[in-house]
Amino acid sequence: MKTNKTKEVSEKAKIQLIVQICKLYYESNATQQQIADLYKLPRTSIVRIIEAGRQLGIVQTRIVDPYSSREDLEIKIQQHFNLKDVIVVSNFNPGNPVLPTLLGQAAVEYIMGILVPNQTIGLGWGKTISSFVSLLGQQDILKYREFWVPLIGNLGETEIEFNMNQQVKSISEKTGGYFTSIHAPALVDSKQMKNLLTNSSSIKNTIDFWSHLDIAIVGIGGLFTGRLSHMPLLHLKYYPQEDRNEVFYSSAVGDILSRYYDIEGNICDISINSRIIGIDIEALRKVPLTIGIAGGAYKTKAIIGALRGQYINTLITDETAAIGICDYVEKNP
């Protein structure tokens, strides 16, 4: 005769088996037949076990609508940081490979809803900004005649997301607007070289527009990804090792246009910040509407630093970052 303790152990073993098989099926993408062979069970038994996982609530399905949002998180973040607007895209997967696309699409919808003709708009760089540019459909928009301005220099022969001249050219063609290029690298060897270049007439003409922006659209870089295989701040790999080391050993939690700041939003005292050819991050505070687009739980501190520094006044992010932001400020007001 089985005792209550024996039944309890038996039930626990049954649940553990269901969890193991469901993890193999849903997380490791093993087929039902592969799992059956592993456990030496008929495939029909594996089907029943997987179904039991759903019935018991061990397996839960969630449909993510990229057009839906988390209004509760939006309100919390907007009120805490006194922002003009916050958009939170539904996404429960911190490592979602299509996150830049989800954020880019949300940015398209938001920005197309606020544009008025003949504005001067500054554009930053990064994967999410590049997704925004590529998702902006020429056939879906009016001709706004905007003037697009790159907010930082280029990184030479690199990924499209860091080729600022190509980005502003592409987006101006889609909006029926105009653009100016910046013929300078993002990072130079010395502050003296930066001063020399930024005072040359060809670059100064572009820089002059930075003080007359109506809107700035920027990405936010995070230093800590939580994944060794994924390098944070993709653009850093194009910078000298000495500069990379200085960034990683500093108090920096993130960057906007390669200007690095700490969790309180203070600019870090590192040499790279004085050698970047790009809009001064302090100047972003003076732009009437500065939109930061970034998501993923690993960017939580980078976004908080940007918000505390008041470098952006509108945020487009995802659920995982928004939850992280709310949790952090609750514990660290």
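The values are calculated or read from the model by the stated rules, or taken from the named source; none is laboratory data. Worth saying up front: this structure is predicted, and the values here are computed from it rather than measured. Glycine also receives a Cβ, built like all others from the backbone with ideal geometry; neighbour counts cover every protein chain displayed.
For region 201-221, does any single residue satisfy the condition of being among the acidic types (D, E), within 23 Å of Y311 (Cβ to Cβ), loosely packed, with under 12 Cβ neighbours inside 10 Å and at pLDDT 90 or above?
Step one: list which residues in region 201-221 are among the acidic types (D, E), which gives 208, 214.
Subsequent filtering for residues that are within 23 Å of Y311 (Cβ to Cβ) retains 208, 214.
Then keep just the ones that are loosely packed, with under 12 Cβ neighbours inside 10 Å; that gives 208.
Subset that is at pLDDT 90 or above: 208.
Yes, region 201-221 has at least one match.
From the set of residues in region 147-199 that are in a loop (DSSP other than H, G, I, E, B) and charged (D, E, K, R), which is nearest to R275 (Cα to Cα)? Break it down into steps so the answer makes sense when it comes.
In the first step, residues of region 147-199 are kept if they are in a loop (DSSP other than H, G, I, E, B); the result is 151, 153, 155-159, 163, 176-177, 180-184, 186, 188-190, 199.
From the residues that got through so far, the ones that are charged (D, E, K, R) too are 157, 159, 189.
Working: E157: 20, E159: 21, D189: 7 Å.
Taking the candidates together, the pick is D189.
Do we find that Q79 is part of a helix (DSSP H, G or I), in the same structural domain as G309 (by TED's automatic domain parsing) and at pLDDT 95 or above in this structure? Break it down stepwise before answering.
Numbers: part of a helix (DSSP H, G or I): yes; in the same structural domain as G309 (by TED's automatic domain parsing): yes; at pLDDT 95 or above: yes.
Yes: the conditions hold for Q79.
Which residues, counting only those in region 305-333, are more than 21 Å from A283 (Cβ to Cβ), part of a helix (DSSP H, G or I) and under 14 Å from the mean Cα position of the chain (by Cα)?
Across region 305-333, the qualifying residues are E319, T320, A321, A322, G324, I325.
For region 177-187, state whether one or more residues are in contact (Cβ under 8 Å) with a residue 24 or more places away in the chain, in the same structural domain as I270 (by TED's automatic domain parsing), closer than 19 Å to S258 by Cα and surrounded by fewer than 16 Cβ atoms within 10 Å (Cβ to Cβ). Talk me through it step by step, then tell me what you get.
Keep residues of region 177-187 that are in contact (Cβ under 8 Å) with a residue 24 or more places away in the chain, which gives 177-182, 184-187.
Subset that is in the same structural domain as I270 (by TED's automatic domain parsing): 177-182, 184-187.
Still in the running and closer than 19 Å to S258 by Cα: 181-182, 184-187.
When the remaining residues are screened for being surrounded by fewer than 16 Cβ atoms within 10 Å (Cβ to Cβ), the result is none.
The answer is no, given that none of the residues of region 177-187 is in contact (Cβ under 8 Å) with a residue 24 or more places away in the chain, in the same structural domain as I270 (by TED's automatic domain parsing), closer than 19 Å to S258 by Cα and surrounded by fewer than 16 Cβ atoms within 10 Å (Cβ to Cβ).
Can you confirm whether G104 is part of a helix (DSSP H, G or I), without any contact (Cβ under 8 Å) to a residue 40 or more places away in the chain and not β-branched (V, I, T)? It would help to see each step written out before you state the result.
Values: part of a helix (DSSP H, G or I): yes; without any contact (Cβ under 8 Å) to a residue 40 or more places away in the chain: no; not β-branched (V, I, T): yes.
Considered against the rule, which asks whether it is part of a helix (DSSP H, G or I), without any contact (Cβ under 8 Å) to a residue 40 or more places away in the chain and not β-branched (V, I, T), G104 comes out as no.
Residues to consider are V88, V98; find the one that is over 29 Å from R145 (Cβ atoms) and without any contact (Cβ under 8 Å) to a residue 12 or more places away in the chain.
On the way: V88 fails: without any contact (Cβ under 8 Å) to a residue 12 or more places away in the chain.
After ruling out the rest, the residue left standing is V98.
Residues in region 139-183 that are modelled with pLDDT under 90 and farther than 20 Å from T128 by Cβ: how many?
Residues that pass the stated criteria total 10.
For region 98-108, which residues satisfy the criterion of being out of contact with any Phe, Trp or Tyr (no Cβ under 9 Å at 6 or more places or on another chain) and more than 15 Å from K299 (Cβ to Cβ)?
V98, T101
Would a scan of region 310-332 turn up a residue that is hydrophobic (A, V, I, L, M, F, W, C), modelled with pLDDT of 95 or more, surrounded by 24 or more Cβ atoms within 10 Å (Cβ to Cβ) and under 30 Å from L196 (Cβ atoms)?
Among the residues of region 310-332, not one is hydrophobic (A, V, I, L, M, F, W, C), modelled with pLDDT of 95 or more, surrounded by 24 or more Cβ atoms within 10 Å (Cβ to Cβ) and under 30 Å from L196 (Cβ atoms), which makes the answer no.
Go through region 23-38 and report how many residues are part of a helix (DSSP H, G or I), modelled with pLDDT of 90 or more and not aliphatic (A, V, I, L, M).
5
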